[in-house]
Structures are given as structure tokens and as C-alpha cells.
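K.L.:
Let me give you the structure first, and then I'll get to my questions.
The values are calculated or read from the model by the stated rules, or taken from the named source; none is laboratory data. Predicted model, so just to flag it, every value in this text is computed and none were measured. Neighbour counts run over all protein chains shown; Cβ positions are idealised from the backbone, glycine included. Areas reflect the complete protein model, heavy atoms only, side chains present, ligands, DNA and RNA absent. Shrake-Rupley method; radii C 1.70, N 1.55, O 1.52, S 1.80 Å.
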Amino acid sequence: MPEYRVTINGFWCRNGSWDTWPPKDGDGDEILLDVNTKIARSDGSVQLNLDSQSELMGDTRNLPNRIRAGSANPLGGIITGDKFPPVANPWRRAGGIDAGRYPPYTIWKGELRPGQDMVILTVTCWEYDPDPGFFNGWLDWQVKTDKEYGQRAKEIFGGIWPVSKPIFDAVSLGIQTAGTLVGLWSPLGSPGLRPIGMQRNPADPDGFLFNPRSIALNTATADYLIANDVQGLGPGIVELLYRDDPYLRGVYSVFVQVERLGGGELPVQSDWRWCDKCQGLYFGGGRATSRCPAGDTHRAAAESHSGDYSLPMDAPAAADRQSGWRWCDKCQGMFFGPGVVNSHCPAGGAHADPGQSGSSDYSPYHNAAQDPGRQSDWRWCDKCQGLFFGPGAPNSRCPAGDTHRLPELSRSGDYSLPHQPAA
């Protein structure tokens, strides 16, 4: 199984916060990072709910076991513009830094079973004061929201929530944290440990609202982040921005990196078959309920002498594979998902939407180097969005009418599929 690691590589104080006057905990801000970890299954059940904290970073003169951070004075204290670790790009991995005390902090490391496991990480940034403040209420809230977070996990596994949007906030779940700190909005402020990102609660003069952000990682979402530079910070690196109400002033960015450490073979699904009646590819396990554009069901492998084709399924992104291919549960065929609106299904209408069929994300090899274990010259038809065997185009049948489109007209690339010939 593939193994992954998630780290917090650092933070950036874009604007220092305001809490009390006079300050009691040192100059500038004193910051700790909190991570809530939920382990969810594909059915939405949350198996584990844990909370962990970093060491406290800031001015060390009032608390010797703090990590010195910031430039408010020679002993630290975080002010506007400070980055931690104090290097040009704190969200990049910095050599020579003791990972036991300084970022990058490993906040999760482990294996994920494709289609089964999800890790949901809620990373928050807290301004320290000796009073517990809202923190105990935060811990209670995290436990009480297992159901909502589990439902989001189920939506991602089911294709209802896009794999390309693994980062979400609590409001998108229909929930939000709310709390009260007496004096929070007064001129003298209110001492207490509080999250950066608090906003006024119009319904409570001493109240606040807080909207934490989470990253949901299964093999599909983790590999999506790793393969894409989603914010221009580098592949797998994301910025979580927390902005206070203007009165509280704080604006902080926390930088999180997702990495794949290796392990596990490329996940594939076998028993895909060629139909000699239409030249298309269909899932052999569903042949009894399949629909062929040449009429009736697709031809059984024993009759067509089809080999056994395998397709990478929910696999990490790669330059020589094209993701986005989907299974249609109406016809049992393979089609290109982004073209579903313009597709034609032999069972009628368009192919089944992946969010309804529950299809995995398939990524056949595309314009890849020749490999004796794969059969090349499979092609995309722009009329029906299906995948068919190119040399059989003159004898093919397309559900959009006539034969499948020739590659010189559709400009299809060359797809190659792992293949075990028929005995």
C-alpha cells in the first residue's frame, strides 16, 4: 500500500494580532499550532479522533521552555512579517534544522488503502495567553463534529465532492465553531488561548465565530495534491490562511506539505474486455447487464477471444497516463469523464455521471513508450467519448451512429492497456 507523510513546514505572520493590554505573555505574539486528526472510512464512519499541539513559539523570557521565534526583541516575539523557520521560504524544507523542535513537523505518516481510508487533518494556529480561553471548547467541538466530517469523507469517496477540492472549511459542512470570551472586543482585550481567524458573532456581544479549514486525504486526493502545484508554492504544498476580525488584527499563513514516500504497487482493475462487435472496451464482470451499440450485450470474452485488460484505478498522477476515464454502469463501457455531457451511451442518453455510478478514476497509458506488457493503438472517439481498438475502426459501431471516429479526425492520442492475451 502507498505510504504518505504530511508536514507543517512553517508559518508566516502576515499581520501581528492584538489580545490584551498590557501584554502578559511576552512581546508580540506567542504561537502554537494545533492539529486535529480524524481517520475515516469510505462509509463515513470516523474510527479515530486525536488532537496534538506543537511547542510554543515566541518570546522566551517569560517561559523558558518556549522555542525562540520572531523579531520583537533579542529573545523573540512574533510580529508582522516574521516567518518561522526564519529562512527566505519557510514553507520549503530547510536543511540542518532540528525537526524535533523546529518545523517541518510531521503531523501524519502512514499507509492509505485505495478506496478505503481517509485522513482528515484540521490545522489551526493559536495565539497563546495563560488562560485556557476557548481551547477546551475547541476540543469538545472536534469530537462532536465526527458525523459531519465523516459525511464529507463519504462524499469524496463517492465522487459527489470533487477529488480536486480536498481542502474545505467547516462552513461547507453546515457547521461552525462559536464561543464566548468576555471582554474580547473591549479596549483592554481578553486574556486566553485563542485561534487566529476569529470573527465577531452578531448574535452575542462577547461572542465569536471561527471557521477552521481541513485537508481530506485518501490516495486520490493526496496524489492530486502531490502531482499539482495548486497555489504556486510547489507540488504538494498548500497554504492555509487564517484572518482575524480587523479589531483583532491577526493574519497568519500555515504551510502544509503532502508527500508520497512510496510503497505499494500501481493499483489496477483487471477483467476489462474487448468486444469484437463494436470494438469497444467494457467491464467483463458486468457483461450480463451490458449494452453494445451493435445490439444486445457485449460479446463474451470466450467468444471474442478477448485478452484480459487491466486499467490503473485511483492511481497517483503520472505524465504517461491520462486520468479522468470512467466506467458507465448503464452500458459497462469506458468513457472519458470530462466529456460526459457530450457523450452517447448505447443504453440511451449520455453515459452515467461518475457521481451517480460511483465510478473510480481510471488512467490508461497515453502516448507512452512501447511496452511488451501493454497493447497500444486504443483510441478515443470524440463522438461518443468511448475507448475503442483503433485497428478495428472500419468494423466498429459507435452509439452516436456509424463507426467510431478515426484518430486522424478526432486527434486522439495513442492509449495502451496492460494486457494478458487469451489462452
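K.L.:
Only one of these conditions is not met by N367: (1) under 23 Å from A300 (Cα atoms); (2) open to solvent by 10 Å² or more (accessible area, probe 1.4 Å); (3) touching a residue at least 40 places away in the same chain (Cβ under 8 Å). Which number is it?
P.N.:
The number of the failed condition is (1).
K.L.:
Please determine whether any residue of segment 372-390 is open to solvent by less than 20 Å² (accessible area, probe 1.4 Å) and touching an Asp or Glu at 6+ places or on another chain (Cβ under 6 Å).
P.N.:
Kept after step one, since they are open to solvent by less than 20 Å² (accessible area, probe 1.4 Å), are these residues of segment 372-390: 378, 381, 384-388, 390.
From the residues that got through so far, the ones that are touching an Asp or Glu at 6+ places or on another chain (Cβ under 6 Å) too are 390.
Scanning segment 372-390, I find at least one residue that is open to solvent by less than 20 Å² (accessible area, probe 1.4 Å) and touching an Asp or Glu at 6+ places or on another chain (Cβ under 6 Å), so the answer is yes.
K.L.:
Of all residues being part of a helix (DSSP H, G or I) and either closer than 12 Å to N218 by Cβ or free of Cβ contacts under 8 Å to residues at least 24 places away in the same chain (or both) in segment 156-178, which is least open to solvent (accessible area, probe 1.4 Å)? Just the residue, please. Spell out the reasoning first.
P.N.:
Filtering segment 156-178 down to residues part of a helix (DSSP H, G or I) leaves 156-157, 170-173.
Next, from what is left, pick out any that are either closer than 12 Å to N218 by Cβ or free of Cβ contacts under 8 Å to residues at least 24 places away in the same chain (or both): 156-157, 172.
Working: I156: 6, F157: 48, S172: 50 Å².
That would be I156.
K.L.:
So, T37, is that one modelled with pLDDT of 90 or more, out of contact with any helix residue (DSSP H, G or I) (no Cβ under 8 Å at 6 or more places or on another chain), surrounded by fewer than 23 Cβ atoms within 10 Å (Cβ to Cβ) and of a type in the set (S, T, N, Q) or not?
P.N.:
On the way: modelled with pLDDT of 90 or more: yes; out of contact with any helix residue (DSSP H, G or I) (no Cβ under 8 Å at 6 or more places or on another chain): yes; surrounded by fewer than 23 Cβ atoms within 10 Å (Cβ to Cβ): yes; of a type in the set (S, T, N, Q): yes.
Spelling it out, T37 is indeed modelled with pLDDT of 90 or more, out of contact with any helix residue (DSSP H, G or I) (no Cβ under 8 Å at 6 or more places or on another chain), surrounded by fewer than 23 Cβ atoms within 10 Å (Cβ to Cβ) and of a type in the set (S, T, N, Q).
K.L.:
Of all the residues that make up segment 277-296, how many are buried (at least 18 other Cβ atoms within 10 Å of the Cβ) and in a loop (DSSP other than H, G, I, E, B)?
P.N.:
Total meeting the criteria: 8.
K.L.:
With the condition kept exactly as written, say whether any residue in segment 139-155 is in contact with a helix residue (DSSP H, G or I) (Cβ under 6 Å, 6 or more places away or on another chain), open to solvent by 20 Å² or more (accessible area, probe 1.4 Å) and either in a strand (DSSP E or B) or at pLDDT 90 or above (or both).
P.N.:
yes
K.L.:
Say we look at segment 250-270 and pick out the residues that are open to solvent by 50 Å² or more (accessible area, probe 1.4 Å) and not aliphatic (A, V, I, L, M); which of these is modelled with the highest pLDDT?
P.N.:
Taking the candidates together, the pick is S270.
K.L.:
Quick one: in segment 211-231, which of the residues that are touching a Pro at 6+ places or on another chain (Cβ under 7 Å) and free of Cβ contacts under 8 Å to residues at least 60 places away in the same chain is least open to solvent (accessible area, probe 1.4 Å)?
P.N.:
Only one residue fits best here, namely L225.
K.L.:
A further question follows. Only one of these conditions is not met by A317: (1) in contact with a strand residue (DSSP E or B) (Cβ under 6 Å, 6 or more places away or on another chain); (2) part of a loop (DSSP other than H, G, I, E, B); (3) hydrophobic (A, V, I, L, M, F, W, C). Which number is it?
P.N.:
Going through (1) in contact with a strand residue (DSSP E or B) (Cβ under 6 Å, 6 or more places away or on another chain); (2) part of a loop (DSSP other than H, G, I, E, B); (3) hydrophobic (A, V, I, L, M, F, W, C) one by one, A317 breaks only (1).
K.L.:
How many of the residues making up segment 199-230 are of a type outside the set (K, R) and over 25 Å from the mean Cα position of the chain (by Cα)? Outline the logic, then answer.
P.N.:
The initial filter retains those residues of segment 199-230 that are of a type outside the set (K, R), namely 199, 201-212, 214-230.
Then keep just the ones that are over 25 Å from the mean Cα position of the chain (by Cα); that gives 199, 201-209.
Within segment 199-230, residues that are of a type outside the set (K, R) and over 25 Å from the mean Cα position of the chain (by Cα) number 10.
K.L.:
Kindly establish whether Y247 is surrounded by fewer than 17 Cβ atoms within 10 Å (Cβ to Cβ) and over 20 Å from A216 (Cβ atoms). Show your work before the answer.
P.N.:
Numbers: surrounded by fewer than 17 Cβ atoms within 10 Å (Cβ to Cβ): yes; over 20 Å from A216 (Cβ atoms): yes.
Considered against the rule, which asks whether it is surrounded by fewer than 17 Cβ atoms within 10 Å (Cβ to Cβ) and over 20 Å from A216 (Cβ atoms), Y247 comes out as yes.
K.L.:
Kindly provide the set of residues from segment 312-341 that are under 22 Å from the mean Cα position of the chain (by Cα), touching a residue at least 60 places away in the same chain (Cβ under 8 Å) and within 22 Å of S396 (Cα to Cα), ordered by number.
P.N.:
Correct list: W325 only.
K.L.:
Sort out which residues of segment 297-355 are open to solvent by 60 Å² or more (accessible area, probe 1.4 Å) and in contact with a Cys (Cβ under 7 Å, 6 or more places away or on another chain), and write them in order of number.
P.N.:
Those that are open to solvent by 60 Å² or more (accessible area, probe 1.4 Å) and in contact with a Cys (Cβ under 7 Å, 6 or more places away or on another chain): R299, K330, H344.
K.L.:
So in segment 332-359, with the set limited to residues that are in contact with a Phe, Trp or Tyr (Cβ under 7 Å, 6 or more places away or on another chain) and assigned to a loop (DSSP other than H, G, I, E, B), which one is farthest from G158 (Cα to Cα)?
P.N.:
Result: S343.
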